[in-house]
Amino acid sequence: MSHLDRRAFLAPGRRAKTFSMPLENQTIERIPVLETKLAARAASPPSSGLSPYTGPWNRETVIHLLRRALFSPVKADVDYFLGKTMETAVNEILYAPFTPPPPPVNDYNNPDFTDPDVPFGETFENTPLNVNAEFYRVESTRAWWTRLMLNSGRSIREKMTLFWHNHLPVQFAEAFFGSMLYRYTKTLRANALGNFKTMMREITLDPAMLIYLNGYLNSRLAPDENYAREIQELFVIGKDLPQHFTEDDVKAAARLLTGWKTDGFAHFFFANDHDTGDKQFSAFYNNRKITGRSGPGAGDAELDDFLDMLFDHPEAARFVCRKLYRFFVFHDIDAQTEQNVIEPLAQIFRDNNYDVLPVLDVLFKSEHFYDELNRGVVIKSPVDMCVGLFRQFGVTLPGNADLLDNFVISLYLNYSMSAMLQMPGDPPNVAGWQAYYQIPGFDKLWINTGTLPKRGEFTAAMVFFGINAVNNKAVIDPLSWASSLTNPSNVNDLINESLELLFGLPVSQTVKDSLKPILLSGLPNESYWTIGWSLWQGDPSNEMLAGAIRTRLQAYLWRVLQIEEYQLS
């Protein structure tokens, strides 16, 4: 069935523009410093396991934790967590209080378009489909989601929401209804640190998923196998196994899931459309037979039996733990890592009835996570890079003070990530982004002949002129950023601290020395920077002094953000 067929009831009139380039025909770019680190890691892979980390809790380990668990290390967060123990820091990141965010609003009315159903500043959360307005509502939902990541603070929840979006994806362009897509992200966010089994039940019946994978078309007269296949192959069990579920298992699951429908706002069960026969599964599932039911409760009962069967399989816990490991630690899972990390994490997952937090708690407190061989060996995803840049440099948006500009800037930020092959809301297919699963490239797929220039263009733009809207712009303020550092009047301290925060791997003194003339404008004495900084501090309203410092900082940041270590986490 074509994409048009499977979403025919939505009949969207406009589609989101696709700015991302195809992955095909793009050559992966080399990052020599990463290749050197990976070669050393391959020659002597980490033997560490899940024993609690007892090493030093210093700037290096704090920054590593924040790079992986949050969207890049922000100096204020580094300083804050340095005053904590490792256990306390991880606890605060994992167990941060959660208040569901307000829903997205109409922030898109403009001289060329006015939403006929939703006043400016009001939410479209419960607004019926309008084919002429959905482009704006979908993009507003996407922009709202990106801003939640920008403002995610010291909580892992938004990063986990992105993880689950990659693991349980719905392509926004294929389920083109802003209100429905908002509720999909709400489901992910609410369950992000909860129970995976509960999440799978909710996502199975989520209206966006029912549309995206044809669940609403699945009937006893014409069983649709799309979701029945993906829940086993991509969501819970996996496919790279010596033994595998069978095609008959897919057919039985499809029959079991018949009868579920949606109007885009809620799910419904139609008993007359449900296959009431028994569903026999293969030896892979211990020849489990799920008894067919009839009546209004049949769908719920059989779905619960089906999920129990999936989660009783030992591979379910392993599969998800491998996905978590590849997202937060490293892409390669060798036999030693499988034994020392994945198997015990999977057992923790099972022992806690598939609650996610106990798994993350052990992982982020383990000696394996902080192993030096696992630092700086991951290429930043486009979301990590773009959202992280905004956070690290304190780039602000106008917010409610100017809703339209807030929307426009967020929209262009999303399109920038799309050009680098990762826009929230539109992974390339139901398997998610290839960088998280495709052998052998994995995260190297982020850096190719098409995307690497886009990364450089984005960082250069943010340094010099930013993202411009009508009344506002989002741009790096180099003076404010440098002032936040510990000792910005000393050129060596400024370079050392900024590179520590911005680079995934340390660089040599030779590299640091090559950067110093940029800040000194080629002058031979380091005191010239100190004098210039002091003069500006004494007269901050003097634009001539401010301009001299700003220009040097911009040139410095432009160079630093082009260096390959900036691409690493």
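The values are calculated or read from the model by the stated rules, or taken from the named source; none is laboratory data. Predicted model only: the values in this text are computed from it and were never measured. Heads up, the Cβs are rebuilt from the backbone with ideal geometry, glycines too, and the neighbour counts pull from every protein chain shown.
So the values come out like this:
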item: Within region 191-237, tally of residues that are of a type in the set (A, V, I, L, M, F, W, C), outside any loop (DSSP other than H, G, I, E, B) and within 21 Å of F268 (Cα to Cα); result: 11
item: Test: residue in region 405-414 that is more than 25 Å from L501 (Cα to Cα), among the charged types (D, E, K, R) and touching a Pro at 6+ places or on another chain (Cβ under 7 Å); result: yes
item: Residue within region 332-339 that is hydroxyl-bearing (S, T, Y), in a helix (DSSP H, G or I) and more than 24 Å from E87 (Cα to Cα) present; result: no
item: Region 45-85 - residue that is under 23 Å from M385 (Cβ atoms) and of a type in the set (S, T, N, Q) and, of those, modelled with the lowest pLDDT; result: S72
item: A266 vs. criteria closer than 23 Å to D308 by Cβ, among the small types (G, A, S), out of contact with any Phe, Trp or Tyr (no Cβ under 7 Å at 6 or more places or on another chain) and at pLDDT 95 or above; result: no
item: Among the residues listed as N287, N272, the single one being outside any loop (DSSP other than H, G, I, E, B) and either surrounded by fewer than 14 Cβ atoms within 10 Å (Cβ to Cβ) or in contact with a Ser or Thr (Cβ under 6 Å, 6 or more places away or on another chain) (or both); result: N272
item: Among the residues listed as L82, L168, the single one being out of contact with any Ser or Thr (no Cβ under 6 Å at 6 or more places or on another chain), under 29 Å from D355 (Cβ atoms) and not basic (K, R); result: L168
item: Residues of region 119-137 satisfying the condition of being out of contact with any Pro (no Cβ under 9 Å at 6 or more places or on another chain) and crowded, with 23+ Cβ neighbours inside 10 Å; result: Y136
item: Lone qualifier among R322, R293 - being in contact with a Ser or Thr (Cβ under 8 Å, 6 or more places away or on another chain) and either modelled with pLDDT of 95 or more or among the β-branched types (V, I, T) (or both); result: R293
item: Residues being surrounded by 24 or more Cβ atoms within 10 Å (Cβ to Cβ), in a helix (DSSP H, G or I) and not hydroxyl-bearing (S, T, Y) - total across region 168-186; result: 4
item: Test: residue in region 277-286 that is under 38 Å from the mean Cα position of the chain (by Cα), touching a residue at least 40 places away in the same chain (Cβ under 8 Å) and closer than 30 Å to P128 by Cα; result: no
item: Hits in region 37-76 (condition: basic (K, R) and under 22 Å from E338 (Cα atoms)); result: K37, R41, R68
item: Filter result (touching a helix residue (DSSP H, G or I) at 6+ places or on another chain (Cβ under 7 Å) and assigned to a helix (DSSP H, G or I)) within region 439-449; result: F442, D443, L445, W446
item: Filter pass, D115 being of a type in the set (D, E, K, R), farther than 25 Å from F390 by Cβ and either part of a loop (DSSP other than H, G, I, E, B) or in contact (Cβ under 8 Å) with a residue 12 or more places away in the chain (or both); result: yes
item: From D249, D308, D240, residue being within 25 Å of H167 (Cα to Cα), part of a helix (DSSP H, G or I) and either out of contact with any helix residue (DSSP H, G or I) (no Cβ under 7 Å at 6 or more places or on another chain) or of a type in the set (F, W, Y) (or both); result: D308
item: Residues of region 412-441 satisfying the condition of being farther than 22 Å from A143 by Cβ and over 15 Å from the mean Cα position of the chain (by Cα); result: N429, V430, Q438, I439, P440, G441
item: Wholly within region 450-569, helices (runs of 4 or more DSSP H) carrying at least 3 residues that are surrounded by 15 or more Cβ atoms within 10 Å (Cβ to Cβ), in contact with a helix residue (DSSP H, G or I) (Cβ under 6 Å, 6 or more places away or on another chain) and at pLDDT below 95; result: none
item: Long-range neighbours under 6 Å by Cβ, at least six apart or interchain, first residue closer than 14 Å to I467 by Cα within region 391-410, second at pLDDT 95 or above and among the basic types (K, R); result: S410/R147
item: Answer from T127, T99 - the residue that is among the β-branched types (V, I, T) and touching a Gly at 6+ places or on another chain (Cβ under 9 Å); result: T127
